[in-house]
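Asker: First the structure, which I've put down as structure tokens, then a few questions once you've had a look.
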Amino acid sequence: MAGQIFEAKNGSIFDATPPSAEWSKALHSFAWLPALALAGGDPAKSLATNLITQWLKRYSRYTEPAWSADVMARRLINIFAHGRIVIANSDLLWRSKVFVSLREQSRMLARIVEEAPAGMPRFEAAAAYALSGACLGDSQRRLDDGLKYFESEISRQVLPDGGHISRSPEALVHCYRLITMVMDALSAGSLEVPQSIRSAADRVAPMMRFFRHGDGMLALFNGGTECDVRMIAGLLARDDVRGQPFAYARHSGYHRMTAGKTLVLIDCGGVPAGAYSIHSHAGCLALELSSSNQRIVVNCGSAGFAHLGWELALRATAAHSTLSVADASMASIIPAGIGRDLLGSRMLGGPSDIDTRRVETAQGWCVVAGHDGYVVPFGIRHERQVTISQQGLAITGLDRVVPQSGRERTTTTFAIRFHIHPDVRVSPSQGGGILLKLPNGDGWRFRSGAQLSVEESVYLGGETVRRTEQLVLNGAVKDQPVETAWIFEQIGTS
């Protein structure tokens, strides 16, 4: 749990010294219950029953972290969603003790729900608050108050276009999961689902489709991972409206261009405010490219608890398929120390002036965008133009590095990176440029007139670190704008 494996050789796992604070939170949030419920059978039921019994014996009263708002919320959600394995056909006295504890925890959560950290932890707490009223059925007031609080948190965190305020595709999926859980609980109890909750579900589902590549998994932006393809498909199967994604999600700050079997996603947004940036990445104007169900250009992904040593590097600009200046990131993370301990690893700075427009040309749809993330430290503005051909067989781009007036100029280096998915084979092309061979046999070629090199990279779209490669265009700028043109073009199939 939380990226760590721990074995308790003797006694209860709850008496052992946990390997980390996050591992302890996962233990007390009953993160093990969904897996046991999925496994099913008497051994899983016996283990789940024993673990819950041990927990009730030791933590029937408030203590941290077991009864902190975010941990308690996840525990309640796991029990409400997966508790059937232990509740059904269980001893009446034991079941009574479980429900007494659930009611006590629900009353406590109602009092401290706002103590959950802002962002997804508080969204989870709000969902658990609403679920406790719907699932336990012991307090109409808690149901009404829980739904009201959940609605307010939806209003705060779900944007008008359906995106999440953190700008993370993965956070969006978890939001939708929690929204559908609350809707299911209300429907199962023949209770009315508030219109604002239904409306949120109708907005979020198209945005989930917005971020899906042809392989059914998510693009890697702002701390998100690919997520499980079956979970995403299962959630979207619940969407009766079947709303289709926008071409431009203005509030979330993303463009989506499709033609033929080709998909291009471009991040044209800034750093979220305050606590919502704890997992954000400095990847403005980064793009991802896929063809059919094959990813070609990606971002490097997210560290998660399993690979914390990679976190700072993966959140930096160089880990994204965009331009970086002087090997510097366009936004920074709160340095380690008391600030990070109190506020979390929030992202500071970043672009504040981002302009973007979408136009249709004779060549196909084109996105033109620019940001000022490098103006303060280097006096340089980055502008990017990306065009997808009408059949989706070519993606042409132009990156401009524009020195701003009023600054003393020195020669400054820049690099344009395109991280390649590890399943794609990279090799020099006889006709010049780089040949990209996809697993399905399709071939794409990358060409540019700039200085081109192939360097090592990493990919953390899932649970493991995978080696891959990146295409890097290097250049330098001083007094005049510098333009770098490039193209990805399909060259046939095997």
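We did not get these values from a lab; they are worked out from the coordinates using the rules stated. These figures come from a predicted structure and were not determined experimentally. Cβ atoms come from the backbone with ideal geometry, glycine included; neighbour counts cover every protein chain shown.
Asker: Please give the length that would be gained between residue 8 and residue 148 if that part of the chain were fully extended, namely 0.36 nm times their separation in residues minus their C-alpha to C-alpha distance (nm, one decimal).
Answerer: 46.2 nm
Asker: Next question, about the same structure. For the chain, with the dipole built from +1 on Lys and Arg beta-carbon atoms and -1 on Asp and Glu ones, taken about the Cα centre, which of 349, 396, 13 lies farthest toward the positive end?
Answerer: Toward the positive end, the furthest listed residue is 13.
Asker: Would you please classify the overall shape of the stretch 256-412 from the alpha carbon gyration tensor, given that a ≥ b ≥ c denote the square roots of the eigenvalues, rounded means a/c under 1.5, and beyond that prolate means a/b larger than b/c while oblate covers the rest?
Answerer: In terms of gyration-tensor shape, oblate.
Asker: Can you give the calculated 222 nm mean residue ellipticity of the chain, where each DSSP H run of n ≥ 4 adds -39,500 (n - 2.57) and the sum is split over every residue, rounded to the nearest 500 deg cm²/dmol?
Answerer: Theoretical 222 nm ellipticity from helices: -10500 deg cm²/dmol.
Asker: Between residue 103 and residue 215, what FRET efficiency follows from the Cβ-Cβ distance if R0 is 30 Å, with the result rounded to 0.05?
Answerer: 0.10
Asker: Calculate the spin-label point distance for residue 466 paired with residue 429, positioning each point 7 Å from the Cα along the beta-carbon direction, and give it in nanometres.
Answerer: 2.3 nm
Asker: On to the next question. To the nearest 20 debye, what charge dipole does the chain have about its Cα centre, counting +1 at the Cβ of each Lys and Arg and -1 at the Cβ of each Asp and Glu?
Answerer: 520 debye
Asker: Would you mind getting me the FRET efficiency between residue 156 and residue 437? Use the beta-carbon distance for r and R0 = 51 Å, nearest 0.05.
Answerer: Given R0 = 51 Å and the Cβ-Cβ separation, E is 0.65.
Asker: For the chain, please report how many Lys pairs fall under 19 Å Cα to Cα, leaving out neighbours fewer than 8 apart on the same chain.
Answerer: 5
Asker: What are the residues whose amide H is under 5 Å from the amide H of residue 281, where those residues sit 5 or more places off or on another chain and H is modelled from the backbone?
Answerer: For residue 281, the qualifying residues are 222, 223.
Asker: Remind me, relative contact order of the chain in percent, using alpha carbon pairs under 8 angstrom and six or more residues apart?
Answerer: Rounded, it is 9 percent for the chain.
Asker: Related question: Once you have a ≥ b ≥ c as the square roots of the Cα gyration tensor eigenvalues for the chain, tell me rounded if a/c is under 1.5, and otherwise prolate or oblate according to whether a/b is larger than b/c.
Answerer: Prolate shape, in that a/c is at least 1.5 and a/b is the bigger ratio.
Asker: Another one. Given a cut-off of under 8 Å on Cα pairs at least six residues apart, what relative contact order in percent is computed for the stretch 253-494?
Answerer: After rounding, I find 18 percent.
Asker: Turning to a different aspect of this structure: Describe numerically, in nm with one decimal, the distance between label points set 7 Å from Cα along Cα→Cβ at residue 453 and at residue 404.
Answerer: If labels sit at residue 453 and residue 404, their model points lie 2.9 nm apart.
Asker: Using the beta-carbon distance between residue 59 and residue 258 and R0 = 51 Å, what value does 1/(1 + (r/R0)^6) give for FRET efficiency, to the nearest 0.05?
Answerer: Computed FRET efficiency for residue 59 and residue 258 comes out at 0.50.
Asker: Here is a follow-up. Would you mind ranking 97, 9, 478 so that the residue whose beta carbon has the fewest other beta carbons within 10 Å leads the list?
Answerer: If I rank by nearby Cβ atoms, fewest first, I get 9, 478, 97.
Asker: Return the whole-Å distance between the Cα centroid of the stretch 319-362 and the Cα centroid of the stretch 97-153.
Answerer: Here the two parts' Cα centres lie 35 Å apart.
Asker: Express in nm, to one decimal, how much length is gained between residue 327 and residue 115 on full extension, taking 0.36 nm for each residue of separation and deducting their alpha carbon distance.
Answerer: Here the segment from residue 327 to residue 115 would lengthen by 72.4 nm.
Asker: How high is the relative contact order of the stretch 103-185, given as a whole-number percent (alpha carbon pairs under 8 Å, six or more residues apart)?
Answerer: 27 percent
Asker: Test of understanding: ordering 484, 361 by Cβ neighbours within 10 Å, fewest first, what list do you get?
Answerer: 361, 484
Asker: Would you kindly state how much longer the chain becomes between residue 413 and residue 22 on full extension, computed as 0.36 nm times their sequence separation minus their alpha carbon distance, in nm to one decimal?
Answerer: Length gained, residue 413 through residue 22: 136.7 nm.
Asker: Could you put 487, 395, 278 in order, starting from the residue whose Cβ has the fewest other Cβ atoms within 10 Å? Present the calculation step by step, with values, prior to reporting the outcome.
Answerer: Working: 487 17, 395 26, 278 22.
By the 10 Å Cβ count, ascending, the order reads 487, 278, 395.
Asker: Tell me, what HN-Hα J-couplings in whole Hz come from the Karplus equation 6.51 cos²θ - 1.76 cosθ + 1.60 at θ = phi - 60° for each residue of the stretch 403-420, using x for Gly and Pro?
Answerer: x, 8, 5, x, 10, 5, 9, 10, 5, 10, 7, 8, 9, 10, 10, 10, 7, 9
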